[in-house]
Amino acid sequence: MAQSSEQMDKLTPKSETGKVLVAIKLSESRDDIEPIEKPGPSGPTHEDCGVALAAVRERLMKKVDEKDQKDKALENALGEYIKLRAAIVSAIKSKTGKPVKILEGIDRLEPLFQEGWVSFVQQRKTAQTEAAKTELARLKQEESAARERQEEARKAGEKVRLHQLRDELKLKKDQVKLLETNLQTGNFTGKKDAYEERIKKAKREQGELENRLLPLAEVGARYDEAERLHTELQQNVKDSQQRWDDLTRQQAEQESELRERAAELGERCEQILKDGDLPVRLAGAYIDVKQAIAASNFAKALWLLEDMPAQLDAAEHDLREAHPQRDDYLAALDQLEDPVEQVAAEELASAKDKKALKELLAAARAAARKRDYVDALKQCDALEELLAEVELRIQATEQAQETFENALAEALDKVEDYKEGEIDPAEVQTMEKLVGQARSKAEPKTETAFGLALDFVKDELKPKIAHFLKRQKEWSKVERAERPPRQPPAPPDYAAAADTIVREVLQRFRGRFDYAGPSYDVSAFFPRNRYDPGRLKRAVRDRFNRLSPAKELKEFKLGSNHYFNIGAGGTTKKAYEYNVKVKKKGVLRALAQIHIIYLS
């Protein structure tokens, strides 16, 4: 309401400034004054709590089958959840209690629901198993009792010749039927009157048997009823056994599928963990799933696995958006990890090369954990180059080893020639000592060591053997009998041995294709004292590197992203044993493997 100047004068100070301010205020229009907005609540409201509660309930119910939602047993198992939810609903409707506290209660709903649902599923499984087991036991007991009653009825019938008379009556009825048929078709010999008389006689005999069975009707009825009941119970036992078998098989299949699903999702978690951490909720679920499966709590594992795919999709999407080069790094790392592992298990690779590869791989992983994928890819490139160089050095060392072993085999053959004649024990001891020295010089298993060992064989061992053979001819008093030249044993054929192992391994894969694969003992066919395990392993690895699981194991419908891998360690954990694995690119855990072992 406008005020007069006299009134305003009473309210304002007697100063020029005051008069100006009053004049300005009076000249302002009310339309120009912006409304003052009241500040809203600083935290969540009861309405927010209602929305959150509805969202939680909707998400939880999506995990439960509609049929199970109506099950009274589930309602009983969810007692704590229902009680807390009712309290929360009451607090929201009456708007009592702080919304923050109500939201804390809503956060507690899912663990309570999960606990109740898991209990419900486990109780139902136990009840189904116990019911099937109890039914089968009961029916078997009833069948056993029925079998005893049938046996008693059978013995009672035998005392009065019930079964014998029934068998005779059956034969007689068949005879009458055949005679009548032959009469109708004219398929009989002799006169018709005589044949008809024969039929009448057979019918009289049939009547006599029937009359003899009339007094035994009660005994026969008891036996027939006992036999019927026993037959019925036998079928019931068979059906119950089938239900039990189906139930146990179904449960085993469900558990196997759940383990496989957990393994697949676990691999995706491990991919994220290669260069970072999992989101808190996903990390907790990953650990809880592994613990639940280890404790055979498959209901809890199933519940946790429901949410993991969406959580993983979100985590992977965020990483891909934030770090576009990450996929390139992971692809490069996937191609390099197995070769580095193979070199680490390769006895012909030098310790220096193994260390350098390990350090480069660690540097690539460290750069990736810092999200510096440019540097990580550079480290991968350097690692790939070093791997190529190391492979060349291994091949050179292998060639040096082969040359040394061939020279040593020739020398050992000459030693055997010496032992066939008169020997001087001291000379034999000297030669064996020199052989041991040659092997010791080669023991570091480097290209240089094999070269030094080869020089020792040429310069020390062979000349000494030749000298002893010459002296043997001079001082030997026993003339050696003429005999064909001794054929030295053929050198070990590593190529043929590797081909044999590859064939056997592929055959074993076809017989059993799973992670806990069988073992293949090669010691009986390729003993370590003749076939160097390391060299044989390299030959096997080279062949598998050239093979494709998709082509060699077609029955398993594998793709181009599957490959063979030679991993360290057999079932007995000896250094020279190894595993032949079928792996999938980007997946750490092998799909199947065969353990190559030496039992002797």
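The values are calculated or read from the model by the stated rules, or taken from the named source; none is laboratory data. Just so it is clear, the structure is predicted and the values come from calculations on it, not from any experiment. Backbone-built Cβ (ideal geometry, glycine too); neighbour counts: all protein chains shown. Areas reflect the complete protein model, heavy atoms only, side chains present, ligands, DNA and RNA absent. Shrake-Rupley method; radii C 1.70, N 1.55, O 1.52, S 1.80 Å.
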For TYR418: the one exception among (1) modelled with pLDDT of 90 or more; (2) among the hydroxyl-bearing types (Ser, Thr, Tyr); (3) surrounded by 14 or more Cβ atoms within 10 Å (Cβ to Cβ): (1)
Filter result for ALA331 (among the small types (Gly, Ala, Ser), part of a helix (DSSP H, G or I) and modelled with pLDDT of 90 or more): no
Flag for LEU258 being out of contact with any Pro (no Cβ under 7 Å at 6 or more places or on another chain) and under 19 Å from ARG320 (Cβ atoms): no
Qualifying residue in the stretch 247-262 (condition: surrounded by 14 or more Cβ atoms within 10 Å (Cβ to Cβ), within 30 Å of ALA146 (Cα to Cα) and at pLDDT 90 or above): yes
Residue within the stretch 295-310 that is free of Cβ contacts under 8 Å to residues at least 24 places away in the same chain, among the basic types (Lys, Arg) and open to solvent by 20 Å² or more (accessible area, probe 1.4 Å) present: no
Filter result for the condition that a residue is within 26 Å of GLY534 (Cα to Cα), in contact with an Asp or Glu (Cβ under 7 Å, 6 or more places away or on another chain), modelled with pLDDT of 90 or more and surrounded by fewer than 17 Cβ atoms within 10 Å (Cβ to Cβ), over ALA400, ALA396: ALA396
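Yes/no matrix, rows are residues, columns are (1) among the acidic types (Asp, Glu); (2) open to solvent by 100 Å² or more (accessible area, probe 1.4 Å):
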| residue | (1), (2) |
| --- | --- |
| THR189 | no, yes |
| GLU205 | yes, no |
| ARG212 | no, yes |
| TRP244 | no, no |
Residue in the stretch 10-18 that is on the phi < 0 side of the Ramachandran plot, outside any loop (DSSP other than H, G, I, E, B) and either open to solvent by less than 100 Å² (accessible area, probe 1.4 Å) or at pLDDT 85 or above (or both) present: yes
Candidate set: the stretch 412-436, residues that are assigned to a helix (DSSP H, G or I) and more than 57 Å from the chain's Cα centre (by Cα); chosen: the one farthest from LYS464 (Cα to Cα): PRO425
Residues being of a type in the set (Lys, Arg) and touching a helix residue (DSSP H, G or I) at 6+ places or on another chain (Cβ under 7 Å) - total across the stretch 174-221: 3
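Looking only at residues in the stretch 21-75 that are of a type in the set (Lys, Arg), open to solvent by 100 Å² or more (accessible area, probe 1.4 Å) and under 27 Å from LEU103 (Cα atoms), which one is modelled with the highest pLDDT?
Of everything passing the filter in the stretch 21-75, ARG57 is modelled with the highest pLDDT.
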Meets criteria (more than 51 Å from the chain's Cα centre (by Cα) and either modelled with pLDDT of 90 or more or assigned to a helix (DSSP H, G or I) (or both)) for ARG154: yes
Residues being more than 18 Å from ARG124 (Cβ to Cβ) and of a type in the set (A, V, I, L, M) - total across the stretch 290-309: 6
Residue among LYS140, LYS159 that alone is open to solvent by 30 Å² or more (accessible area, probe 1.4 Å) and at pLDDT below 90: LYS159
Residue match in the stretch 336-343 (condition: open to solvent by 40 Å² or more (accessible area, probe 1.4 Å) and either of a type in the set (Asp, Glu) or over 22 Å from ILE566 (Cβ atoms) (or both)): yes
Failed condition for ALA283, given (1) touching a residue at least 60 places away in the same chain (Cβ under 8 Å); (2) in contact with a helix residue (DSSP H, G or I) (Cβ under 9 Å, 6 or more places away or on another chain); (3) assigned to a helix (DSSP H, G or I): (1)
Residue in the stretch 220-237 that is out of contact with any Phe, Trp or Tyr (no Cβ under 6 Å at 6 or more places or on another chain), more than 30 Å from LEU136 (Cβ to Cβ), part of a helix (DSSP H, G or I) and open to solvent by 80 Å² or more (accessible area, probe 1.4 Å) present: no
ALA349 vs. criteria in a loop (DSSP other than H, G, I, E, B) and small (Gly, Ala, Ser): yes
